[in-house]
Amino acid sequence: MSLHKHHPQHEEKITDSAFDGGVGSIPRHRLPRHTQDADAALRFVQDELMLDGNARQNLATFVTTWMEPQAATLIQASLEKNIIDKDEYPRSAEIERRCVNILANLWNASTPAGGEDAIGCSTTGSSEAAMLAGMALKWRWRARREEAGANASKPNLVMGANVQVCWEKFARYWDVEARLVPLDGATHLTADQAAAACDENTIAVVAVLGSTFDGSYEPVAEIAAALDALQASTGLDIPLHVDAASGGFIAPFLDQELLWDFRLDRVKSINASGHKYGLVYPGVGWVVWRSSDDLPRELIFSVDYLGGSMPTFALNFSRPASQVIAQYYTLVRYGFDGYQRIQQRARDIATTIAQGVEKLGPFTLLSRGEELPVLAFKLTTPDGWDVYDLSHELRSFGWIVPAYPMPKGMADVDVLRVVVRNGFTFDLAEMFLADLAKSVARLSGQQQARVAFHH
Ligand SMILES: *Cc1c(COP(=O)(O)O)cnc(C)c1O
């Protein structure tokens, strides 16, 4: 089964042209019968990819679209290394371990051996990290229930309706009730709501540091305090997981006073996406546990058929070591200062865009780039056109700015979101604001013409 739509009229062949240098007819959905010339095949695939969007005008994605050429060199040079094969590639394994320790330290885990034996691993992204963290929470909850002789058949996970889809996936794939708390007054989960939704079957609360919908931070410390109070009054001891997919690489550099990480006793595990503000090309993520008590042993497999005996906790088996190596390069290359400078710049650009958007008039900001370098805004009073029309209009200038409804509890509010990443500049921000103003003028002009016509 293909998950992609088929276009039967294009299914069979592409045709020769004087330009294609002799690729000839290549079927698109079946293996070609004959071997192609390497350069011709390269051109054929490159031509197809040319029609992909321009990454620098893509204000939709959180994922890294630019790295230094030195990083690309390292990636290129390590593509053939398989991260699972720790016996053949012990230095790559060591580099993964160092990255885990660096992040555990950055997130204030106090590990016994002076920060050199943190519990964690790399993943393909925050989604896989969420599966691993979620499993650890489910297994621990079940063990506690069974030990107490209690029913362990109805686990639930408490989170805001604004969680990223990976948590709903986790719940469905691992048979856990997704207890999604509708938004009520805030654009994300609040402490009172989180505690009120918990019961003896709650495996954990997930707090998001940097909501995908508007870039706002959930109040992790307040949620932790509310869960402390819940424990004091009911005895329920509910662990807290922080989905810091984006914020895990922002808050440690820009919001050092903010308590969201292992400094809070209740936080048992944290995930982050190396390929978002970790500044690495896609596929790398991280998950770190507070201590080995928080990661049940039975989830860890020992693999010995590659030579040596290696512990592994992952959904995948083979995958390239290159992204982990690129992460290590980036950590070493930028250091604390570099990350701080890059993230501050992203935040400054985001807040500048937010001010510009506000000045344009018809918009109300839900967030202004002051937490994640992300802003979300809605139309204050719809005037014959909506954010979807505006998103479409911006597309004609090359800008990709998604429009979507907020989650349950605020689903009547439609927003546009702008994500600022490394590689975006003040110049580009100015161009974007100018094109936004033109788009608004066009839509309003069309609307006025329409009204005039009907009168
Ligand atoms: C992006 C994101 C995810 C999923 O991360 P991937 O690395 O793309 O798998 C999960 N949670 C949040 C809050 C995110 O922003």
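Coordinate-derived values only; no laboratory data. Not measured: the values here are computed from a predicted model. Quick reminder, even Gly has a Cβ in these numbers, built from the backbone with ideal geometry, and neighbours come from all protein chains shown.
Side notes on the structure shown:
- Dipole of the chain [Lys/Arg +1, Asp/Glu -1 at C-beta], most positive-end residue of 161, 445, 32: 32
- Sorting the segments 182-194, 281-293, 164-176 by their mean number of nearby beta carbons within 10 angstrom, highest to lowest, gives 281-293, 182-194, 164-176.
- Computed extension gain for residue 312 through residue 430, at 0.36 nm per residue and net of the alpha carbon distance, reaches 37.7 nm.
- Across the alpha-carbon set of the chain, the Rg to Rh ratio works out to 1.00, Rh being the Kirkwood radius.
- Kyte-Doolittle at least -1.0, axis length at least 15 Å by Cα - qualifying DSSP helices, the chain: 38-50, 90-106, 126-147, 220-234, 322-360, 426-454
- Rough spin-label spacing in nm, given labels placed 7 Å along Cα→Cβ, for residue 139 and residue 236: 2.5 nm
- Cβ-Cβ FRET estimate between residue 31 and residue 117, R0 fixed at 56 Å, reported to 0.05: 0.70
- Distance between the pseudo-spin-label points of residue 336 and residue 169 (7 Å out from Cα toward the beta carbon): 3.4 nm.
- Residue 392-residue 299 pseudo-label distance in nm [points 7 Å out on the Cα-to-Cβ vector]: 4.5 nm
- Every pair of different Cα atoms in the stretch 344-454 enters the Kirkwood calculation, which places the hydrodynamic radius at 14.4 Å.
- Computed from point charges on the beta carbon alone (+1 for Lys and Arg, -1 for Asp and Glu), the dipole magnitude for the chain about its Cα centre is near 400 Debye.
- Taking every DSSP beta bridge that has both ends in the chain, the antiparallel portion is near 60%.
- Helix-derived mean residue ellipticity, 222 nm - over the chain, DSSP H n ≥ 4, -39500 (n - 2.57), to 500: -12500 deg cm²/dmol
- Nearest-0.05 FRET efficiency for residue 358 and residue 186, computed from C-beta distance (R0 35 Å): 0.95
- A simple packing score, the average count of other Cβ atoms within 10 Å per residue, orders the peptides 60-67, 72-79, 370-377 as 370-377, 60-67, 72-79, with the highest score first.
- Peptides 245-253, 230-238 ranked from most to least packed by the mean count of surrounding Cβ atoms within 10 Å: 245-253, 230-238.
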